[in-house]
1. Apply the Karplus parameterisation 6.51 cos²θ - 1.76 cosθ + 1.60, with θ equal to phi minus 60°, to every residue of the stretch 55-69 and state each ³J(HN,Hα) to the nearest whole Hz, in sequence, with x for glycine and proline.
2. Kindly write out, for the stretch 22-39 in residue order, the coupling ³J(HN,Hα) from the Karplus curve 6.51 cos²θ - 1.76 cosθ + 1.60 (θ = phi - 60°), rounded to whole Hz, with x marking Gly and Pro.
3. Grab the beta carbon distance between residue 70 and residue 44, set R0 = 30 Å, and tell me the FRET efficiency rounded to 0.05.
Amino acid sequence: MRRFLIASISLLATGVACVPTSACDDYVDYMCDCHPEEDCAELRTIHQDAIGEELTDCTIALDEQKEEDVTSGNECATEDGTDSGAK
């Protein structure tokens, strides 16, 4: 019984750790980290269940926002430590 419990907990922990982020998660994270004036709760609600073309739209929006930040000189580092490129 103890082995079953340990195995179950291990599988659950592994499943939670392997949840991939989507393009929209990346977009929302960037906007919340780099643009505090944005309503993060609203962005998360809008993009929480994105699929298909919505994911493509998020990728484009993120690329455009990063480019705009570089052009405007907005310095921002994302949560994972990678730089937006803005200097």
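1. Once θ is set to phi - 60°, the couplings for the stretch 55-69 become 5, 5, 4, 5, 4, 5, 4, 5, 4, 5, 5, 5, 4, 4, 5 Hz.
2. My calculation for the stretch 22-39 gives 9, 4, 6, 4, 4, 5, 5, 4, 4, 4, 5, 6, 9, 9, x, 6, 6, 7 Hz in order.
3. Efficiency, from the Cβ-Cβ distance: 0.75.
Every number here is computed from the coordinates shown, using simple stated rules; none is lab data. Not measured: the values here are computed from a predicted model. Note: ideal-geometry Cβ built from the backbone for every residue, glycine included; neighbour counts use all protein chains shown.
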